[in-house]
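Only one structure is covered here, and it is reproduced in the block below.
The values are calculated or read from the model by the stated rules, or taken from the named source; none is laboratory data. Because the structure is a prediction, the values reported are computed rather than measured. Note that each Cβ is placed from the backbone with ideal geometry, even for glycine, and that neighbours are counted across all protein chains shown. For the accessible areas, the whole protein counts, side chains as well, though only heavy atoms, and no ligand, DNA or RNA atoms are used. Shrake-Rupley method; radii C 1.70, N 1.55, O 1.52, S 1.80 Å.
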Amino acid sequence: MNGQRKKNGARRRVKMRSALLLTLWGAMVTMLWRALRASVLAHLPDGAALALDALATALAWLLPGALGLRVIDGDQRRLVPARALTGEQTWRLALAGVLCVAPMTLLGDMLAAFGGAQSAASAGMAAGRGGALFIPLLLKSMLLVPLCEELFFRGYLLQVLAPYGRRAAVLATALLFALSHIGRGTLPFALLGVLLAALTLHTGSLLAPLLVHGAYNGAIVLISFAGLSPLFDRLSLVSCALRAAMCAGLARELSLAWRARPSGRRVCLRDGRAMSVHEGLLLILALLAMLAAAVLPFLLPEATR
């Protein structure tokens, strides 16, 4: 019994070290890309910048998430919570993600007002973008970014840290999630990370944080392109009243989604045959090759498109 306990403890420590190393990799890739984007690559066309940003996101979080679940310490796909959501949970969580715009921007504006500066979230929302980038940016924000980040933070990292205590796992992943968005409002993203982790543990499904995260990102893009940023980037009476009403709606939708009866059905992630490490690496290389092929047109000169 003591030997088995020591063996399990050693395995947990190995998983913890692996998870921290993969987190460090994601943070380094993110910081390197931001540094290059702000200096050497500052004058890139918007399309090329968007394509490279998508590639950096995949390298930072999709790659380590896949490595953690498929290669490090064997096949760990069973860690991914994959319970199916009910119809009510699905649409309420999607609506909650849209309504999350209110507390995220309001808190960011309030913190910036105390500091005497414009909030990072507001500055990003107010930035103008070409109409040709609407669909690529929407797809990246609603699909690619949530998939990469949720697979790593809630699909892999949260499950690795859960044996050390669910509360500690939620707080740790929320803090790391916020630090990965540093410069865009650390406290709002930390609170969003707590919500996403809590939804994952409560529903037993990675689909829950994916819905909220994707709907939130999509709402930010739609607000920016629709010219509605003034309603969400300043502390005016109308803006505060609108966001207060949205916060009340968010509390209601989250409460109803939380109480909704979860589905007993589980999402099928595999056909029962474990994929070998060699096959997993080939799959990762294929995904990266497909991603590179997808972003390559954005990197070509305008005359060649």
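Selection of first residues in the stretch 241-260 that are closer than 15 Å to Gly97 by Cβ and of second residues that are modelled with pLDDT of 95 or more and not in a helix (DSSP H, G or I), restricted to Cβ pairs under 8 Å at least 6 apart or on distinct chains, gives the following pairs, ordered by first then second residue: Leu250/Cys100.
Given the criterion at pLDDT 65 or above and exposed (fewer than 15 other Cβ atoms within 10 Å of the Cβ), identify the matching residue among Arg243, Arg266, Arg252, Arg270. Within the list Arg243, Arg266, Arg252, Arg270, the selection yields Arg252. Taking first residues from the stretch 56-69 that are over 9 Å from Thr23 (Cα atoms) and in contact (Cβ under 8 Å) with a residue 40 or more places away in the chain and partners that are of a type in the set (Lys, Arg) and surrounded by fewer than 24 Cβ atoms within 10 Å (Cβ to Cβ), the Cβ contacts under 8 Å between residues at least 6 apart in sequence or on separate chains come to Thr57/Lys140; Leu69/Arg77.
Residue count for the stretch 68-87, restricted to those that are farther than 17 Å from Lys15 by Cα and either at pLDDT 80 or above or in a helix (DSSP H, G or I) (or both): 4.
Give the residues of the stretch 103-132 that are open to solvent by 20 Å² or more (accessible area, probe 1.4 Å), modelled with pLDDT of 80 or more, touching a helix residue (DSSP H, G or I) at 6+ places or on another chain (Cβ under 6 Å) and of a type in the set (A, V, I, L, M), sorted by residue number. Scanning the stretch 103-132 gives Leu106, Leu107.
For residues that are without any contact (Cβ under 8 Å) to a residue 60 or more places away in the chain and surrounded by 13 or more Cβ atoms within 10 Å (Cβ to Cβ), tally how many sit in the stretch 19-44. Residues meeting the conditions: 11.
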